[in-house]
Every structure is written in structure tokens, then in C-alpha cells.
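One structure below.
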């Protein structure tokens, strides 16, 4: 991903600090993206070693969140940024929280690959693979938009979550039908249900990050605003 193309300051040290947190949030995003890909691979193949690798790697994501958040707090206290600089620091601070939550979702997906592994569960796990790959593409595109601070792309990605939600609803109907046909499958189906929910939450977190991108670029808080209202207010 290319570096964020943002304005420079007279203070070289301040520039360096801003560049540092930009690079670190992108590095964190890259790590979370790999965690998601690996958790989905573990789920589709029931690879217990890969699943455990994802679970063990979550502490790295958590550590990056804490370190970047501390740096954001230090910049606000020391530099007292205003206008777009303050929006940038706040956007990054919020973004790392959502990236950490995506990391948590990856752990939940990986744990589903460990719990009650059986041949009967395999078809159910395959049913969420397409949804998982959709979420992966959405995360990748969101991180690219973050690297460029591209508000127009962020706006398009924001509505992509609607498609992911529909896929999730379809999987829920499928799992409900499966449980009704065979009540003995309920424990295994619930494992898949929690994994599907975790994938759906990845889309929600990407949507949040897109809102932070728009907030930085346009200076408008678009949380809890419909897509139509966003498009009208932002004049794209």
C-alpha cells in the first residue's frame, strides 16, 4: 500500500511523528489482514495448527493497538494538534480499536476450527467460506483506502457491508434449516454460527474505518447516517 499523501508541517519532528503513526497503523492493518486470511484457511481446512497460530498471534495485534494509542495520546498532549492534524490522530486512534476488534474476530473464527472438529461439521464450515473471502477483500480495500485517505472509495466501501450482511442472513437461514432437520447437529451448528457472526463483524469494523477516513478528509462525522445522506452531504 502506498503512503498517505498528506500535507507537511514546518516542524520536521512533527512530520516524523505523524508519518510514524501512519506507518504503524498500516502495519497493524497488514497483520490483521494476514490473521483473517489464516483464520479462514484454518476454518475451511480444519487445520488445528494454523488455527492455534492465529490465536497465539493475537497478542501482537493487541500490543500494536496499545503502543499506537499511547503515541496518539502523547502527540495530542505534546503537539496540541488542530484541524486536520487533530482529525488524523483521532481517526488513527479509532481505527486501531476497530483493527483490534477484527483481530478478536479472527480468534473466534480460528477457535471454531478447533472446537468439535468432525466430518459432519465440514459442509457447514464451507458454507461461510465465500462470505469470509468477501470480508477479506473488503478489509484489503479498506486498508488501501486508508493508505491513500481516499474518501470516495471509503464511501463506496461503506455500502459494501450491506452485501455482507445479506450473505450472513442467508447463512443464518441455512443453519436454522440444518438444525431443524437434525437437532443433534445443534452444538456443531452453533460453532459455525459464532464463526459466521465473527465474519459479519469484520464488515462492520471496515465500515467504521471508512467513516473515519471520511471524517479526516471531509471533516464531517458520518456515523449513524444513511448512505444516501452521506453522498448528498459530501458532494461526491
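The values are calculated or read from the model by the stated rules, or taken from the named source; none is laboratory data. Treat the numbers as computed from the prediction; the structure is a model and nothing was measured. Backbone-built Cβ (ideal geometry, glycine too); neighbour counts: all protein chains shown.
Does segment 100-109 contain at least one residue that is in contact with a helix residue (DSSP H, G or I) (Cβ under 8 Å, 6 or more places away or on another chain), closer than 28 Å to residue 128 by Cβ, modelled with pLDDT under 95 and in a helix (DSSP H, G or I)?
Yes.
Does residue 199 qualify as being modelled with pLDDT of 95 or more, buried (at least 22 other Cβ atoms within 10 Å of the Cβ) and more than 16 Å from residue 97 (Cα to Cα)?
yes
With the structure loaded, tell me whether residue 60 is free of Cβ contacts under 8 Å to residues at least 60 places away in the same chain, assigned to a helix (DSSP H, G or I) and touching a helix residue (DSSP H, G or I) at 6+ places or on another chain (Cβ under 7 Å) or whether it fails that test.
Criteria met by residue 60.
What number goes with the only condition from (1) over 24 Å from the mean Cα position of the chain (by Cα); (2) surrounded by 22 or more Cβ atoms within 10 Å (Cβ to Cβ) that residue 182 does not pass?
Just one mismatch for residue 182, condition (2).
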